[in-house]
Amino acid sequence: MFKIEYFPALNRLVCTVESITMDEVEAYKTSYATELAKVKPGFTGLTDLSKGKLFTQEVAVALAPLGEQSVAKGLTKWAYYTGSAVSKMQMKRMFGDIVVSFEKLEDAEAYLNS
């Protein structure tokens with residue numbers, strides 16, 4: 001289960017992810033592309049993984065190109081909100097230095113707003 005929204009006033013994509021299976025990867029990528037088309041250069045992103053499960057390796061590999069697509073569209077900062085150390089490591093492996101992980105939503109938002 002996931003939801004991807006664009007907030008024009010903040011020029012921010014917000015992804016809320018509980019789980020993504022291989023069966024959902026194409027739907028996620030399509031939804032992401034639809035919302036990514038709305039952003040303006042200099043946009044920020046936030047992913048809420050607070051209720052999320054770890055991605056399988058297969059899903060992680062399938063989603064990894066989204067980071068490069070985001071950078072190409074003008075991404076300036078992306079924050080992940082997760083309490084899981086393992087999720088933090090997985091996001092770092094998938095997206096490298098593009099992302100910064102936080103344990104509190106408020107800290108992630110403060111980083112993006114700075």
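The table below gives the values:
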{"quantity": "Members of region 37-74 that are of a type in the set (A, V, I, L, M, F, W, C) and in contact with a strand residue (DSSP E or B) (Cβ under 7 Å, 6 or more places away or on another chain)", "calculated": "Val39, Phe43, Leu46, Leu49"}
{"quantity": "From the options Tyr32, Tyr111, residue that is among the hydroxyl-bearing types (Ser, Thr, Tyr), in a helix (DSSP H, G or I), at pLDDT 95 or above and crowded, with 18+ Cβ neighbours inside 10 Å", "calculated": "Tyr32"}
{"quantity": "Residue within region 85-101 that is within 17 Å of Tyr6 (Cα to Cα) and either modelled with pLDDT under 90 or under 12 Å from the mean Cα position of the chain (by Cα) (or both) present", "calculated": "no"}
{"quantity": "Extreme residue, farthest from Lys104 (Cα to Cα), among residues of region 35-47 that are surrounded by 13 or more Cβ atoms within 10 Å (Cβ to Cβ) and either modelled with pLDDT under 95 or touching a Gly at 6+ places or on another chain (Cβ under 9 Å) (or both)", "calculated": "Val39"}
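To keep it simple, each residue is scored yes or no on (1) within 22 Å of Glu106 (Cβ to Cβ); (2) crowded, with 16+ Cβ neighbours inside 10 Å; (3) more than 12 Å from the chain's Cα centre (by Cα).
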| site | (1), (2), (3) |
| --- | --- |
| Leu13 | yes, yes, no |
| Ala27 | no, no, yes |
| Leu49 | yes, yes, no |
| Lys53 | no, no, yes |
| Val59 | no, yes, yes |
| Leu63 | no, yes, no |
| Tyr80 | yes, yes, no |
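The values are calculated or read from the model by the stated rules, or taken from the named source; none is laboratory data. The model shown is predicted, which means the values in this text are computed figures rather than measured ones. When we count neighbours, we look across all protein chains shown, and the Cβ atoms used for this are built from the backbone with ideal geometry, even at glycine.
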